[in-house]
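The structure under discussion appears below in the form of structure tokens.
Each reported figure results from applying straightforward, stated rules to the coordinates on display, with no laboratory input. Quick caveat: nothing in here was measured; it's all calculated off a predicted structure. Here the Cβ positions follow ideal geometry from the backbone for every residue, glycine too, while neighbour counts run over all protein chains shown.
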Amino acid sequence: MIELKNTRFGDLQIQDDAEIRFPRGVFGFPDETRFALLEREKGHVSFLQSLKTPALALPVIDGSLIRPEYPDQAREDVAALANFSSAEHLVVLVVVRVEPDERLLRGNLVAPILVDAEARLGHQVMLDSGKYSVDVVLGQPSGGASAEAQPAR
């Protein structure tokens with residue numbers, strides 16, 4: 001059991017099998033190599049919670065909520081971007097933020113986070129910035145603020 005104190009969600013106990021390893025970290029946080037996906041009871045926004053730094057939790061949504069074929073290439077090719085051997089357990093996450101003045105959910109489609117849910121391995125990758133944007137309006141945020149640690153799907 002992994003115990004985190006003073007996260008944005010309070011103190012958390014996370015099952016060991018919920019850990020996702022990021023050998024290269026994520027963009028902007030190269031030393032953050034251990035995360036867990038916290039899924040909220042309501043709404044589509046989840047949080048990629050650092051297991052090293054309790055204050056760090058990246059809001060993310062499942063890329064298939066944007067459109068089922070995001071990104072627009074074969075799933076095997078997307079998995080290969082992260083050096084995954086298969087796309088069978090691939091989860092594509094998009095980092096999001098809420099624009100407080102507009103109350104809009106915005107996402108970074110250029111740099112998705114790819115997770116092999118079975119191997120519990122993650123990599124953030126760069127896609128074609130000519131095809132995707134780092135600031136796409138996705139809609140209105142919804143749901144409550146509570147979260148529980150759940151393994152990625």
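When the Karplus curve 6.51 cos²θ - 1.76 cosθ + 1.60 is applied with θ = phi - 60°, which whole-Hz ³J(HN,Hα) does each residue of the range 85-92 get, with x for Gly and Pro?
Result, ordered by residue: 6, 8, 9, 4, 10, 6, 10, 10 Hz.
Return the sequence-ordered ³J(HN,Hα) values of the range 20-35 in whole Hz as given by the Karplus equation 6.51 cos²θ - 1.76 cosθ + 1.60 applied to θ = phi - 60°, using x for Gly and Pro.
10, 8, 10, x, 9, x, 10, 4, x, 9, x, 8, 8, 10, 10, 9
Applying the Karplus parametrisation 6.51 cos²θ - 1.76 cosθ + 1.60 with θ = phi - 60° to the phi angles of the range 119-134, what ³J(HN,Hα) value in whole Hz is obtained for each residue in order, glycine and proline being reported as x?
7, 6, 10, x, 8, 9, 10, 9, 9, 5, 6, x, 9, 10, 10, 8
Mind checking which lysines have their C-alpha under 25 Å from residue 131, skipping anything on the same chain fewer than 8 residues away?
Correct list for residue 131: empty, as no lysines qualify.
Using the Cα centre of the chain as origin and beta-carbon charges of +1 (Lys, Arg) and -1 (Asp, Glu), tell me which of 121, 104, 93 is placed farthest towards the positive end of the dipole.
Value computed over the given set: 104.
For the range 2-149, what percent of Cα pairs sit more than 25 Å apart?
26 percent
Checking the cross-link filter: which lysines have an alpha carbon closer than 26 Å to that of residue 5, excluding same-chain neighbours under 8 positions apart?
The qualifying lysines are 42, 52.
Return the long-range amide H neighbours of residue 121 (sequence gap of 5 or more, or a different chain), with a cut-off of under 5 Å between placed amide H atoms.
Excluding prolines and chain starts, which carry no amide H, the hits are 21, 116.
Going by average Cβ neighbours within 10 Å, how do the peptides 66-74, 97-105, 31-39 rank, with the highest at the top?
Answer by packing, highest mean first, reads 31-39, 66-74, 97-105.
For the chain, give the magnitude of the charge dipole about the Cα centre (Cβ charges: +1 Lys/Arg, -1 Asp/Glu; no others), in debye to the nearest 20.
With only Lys, Arg, Asp and Glu charged at Cβ, the dipole is about 280 debye.
With only alpha-carbon pairs counted, each pair once and no self-pairs, how large is the Kirkwood hydrodynamic radius of the range 43-118 in angstroms?
Kirkwood radius, the range 43-118: 13.4 Å.
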